[in-house]
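Input: a single structure, listed below in structure tokens.
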Amino acid sequence: MIIALLTLPLSLLGMQQQGSPIAARLAGRVPPDVVALVEELGTAAATRGLPVDPLIQKAIEGSAKGVPSDRVAAALRLVVAQLGTAAAALQDAGVVSDTLVIAAGGFAVTAGLSGHDITALARTGASVPALTVGLRVAGTLAAMGVPSAENIGLISTKLRSGQPTDDLLLVPAHVQAEIARGVTPAQAAAGLERAAAAQARRGPPPSRGTPPPHPPTPPHP
Amino acid sequence: MSEHEFHPSVKQLLDGDITIADLPPELRAEGDEALRLLAAVDRSPVQLPAVSRRVMRAVAARPARSVWRGVVKPRELRLRIRPWLLAPALAIAAALIVFLRTAPTAAPASLVTVRFMLVAPDAREVTLAGTFNQWDAHATPLIRSGPTGVWTATLTLPAGQHQYAFVVDGVRWVPDPGAPAVNDGFGRRNSVLTL
């Protein structure tokens, strides 16, 4: 009883001295005006259920790269917009999203995917953790130059097949290997999608860790 | 029960202290009657079912004690504080605060070992900055291997998504030529690593 009575005021005192978590993470790394902006945007984002960490990371990145505060501010607002797009797209699909999957969707938007693409992936019925990985991989494929149609087709097929997320994480390496053989990113993704669909028709792979079948060689342009 | 009082010698007989032969002749008839009465006593155990049934019925009929009522019922609480106990109590409270503020709140993510490589023959220094080291351009130096200008670093990173760039000679931010990249929002490109 005595300990509890003594702990409460001391804990409150410690919390007051610590300040907000955002300011604590940015202290000494970012100019004060950027700290204030991140706190403002971050508080508003948190009330909307959006993740705050991408904002903190972007502010630290801008400061580390020597970017002027006004450009950092513009980048921060862009990040909030991308996270908002992702959250709305997930909501359209009826996904009860957490901050991780929204952050993954925000990255996918940064990489070039649209809200409709995110909704399409979310409607595959994949679990939220699998969808999170799927969005990250789809964003990576977009950064590799895979067009949206082939990208979403491939990742949707993979998510519907219920394969382990470890296999999903191998997709960029497989696409890269096909590109190294001389096909376009679109052809590589389309070939992998056909292979994944064929495998899904045959049933699940016999055991986890089995290497995926090599996709049929797409026709050369 | 009659009000009849036996002779003290007869009482001795009933107590087993003497036998009927020890009694004087004028008391033997009284002694025989006393022994007869004693033998007629029923020593079988007495059953009183009605009593136990009444007790159990009363217990069953007793209302269950409400936990909520026990919580909200006002009680008199007397708190006595011994001054010499305050010092250890404060020490324990401080230790609890330190423990609660430093205890990990989430399970660690799975880790993946990654090797980064950049060919930069003319560079004097190459470092790695990204989301995994708070974009600290001095935290993760690459090591030059031989005269070929190949710079490498091997890191163990948590599973997830990371963005990064190489920093050449402390000023030039260079995306990884072997990895996909996205716009960083500042007019440059960040490399992407999905684990």
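The values are calculated or read from the model by the stated rules, or taken from the named source; none is laboratory data. Not measured: the values here are computed from a predicted model. Because the Cβ atoms are built from the backbone with ideal geometry, glycine has one as well, and the counts that use them run over all protein chains shown.
For the residues A:Leu135, A:Leu113, A:Leu90, the requirement of being surrounded by 24 or more Cβ atoms within 10 Å (Cβ to Cβ), outside any helix (DSSP H, G or I) and not aromatic (Phe, Trp, Tyr) singles out A:Leu113.
Taking region B:132-160 as the range and being among the polar types (S, T, N, Q) and under 42 Å from the mean Cα position of the chain (by Cα) as the test, the residues that pass are B:Asn133, B:Gln134, B:Thr140, B:Thr154, B:Thr156. Would you confirm whether any residue within region A:166-176 is assigned to a helix (DSSP H, G or I), modelled with pLDDT under 95, away from chain B (no Cβ under 13 Å) and surrounded by fewer than 16 Cβ atoms within 10 Å (Cβ to Cβ)? Within region A:166-176, not a single residue is assigned to a helix (DSSP H, G or I), modelled with pLDDT under 95, away from chain B (no Cβ under 13 Å) and surrounded by fewer than 16 Cβ atoms within 10 Å (Cβ to Cβ). In summary, helices (runs of 4 or more DSSP H) completely within region A:19-82 and bearing 1 or more residues that are within 21 Å of the chain's Cα centre (by Cα) and not β-branched (Val, Ile, Thr) occur at A:32-47, A:53-64. Of the residues A:Ala73, A:Ala87, A:Ala45, the single one that is farther than 18 Å from B:Phe132 by Cβ, at pLDDT 95 or above and in contact with a Gly (Cβ under 7 Å, 6 or more places away or on another chain) is A:Ala87.
For region B:161-182, filtering for residues that are without any contact (Cβ under 8 Å) to a residue 12 or more places away in the chain and either closer than 15 Å to B:Thr131 by Cβ or under 49 Å from the mean Cα position of the chain (by Cα) (or both) leaves 1.
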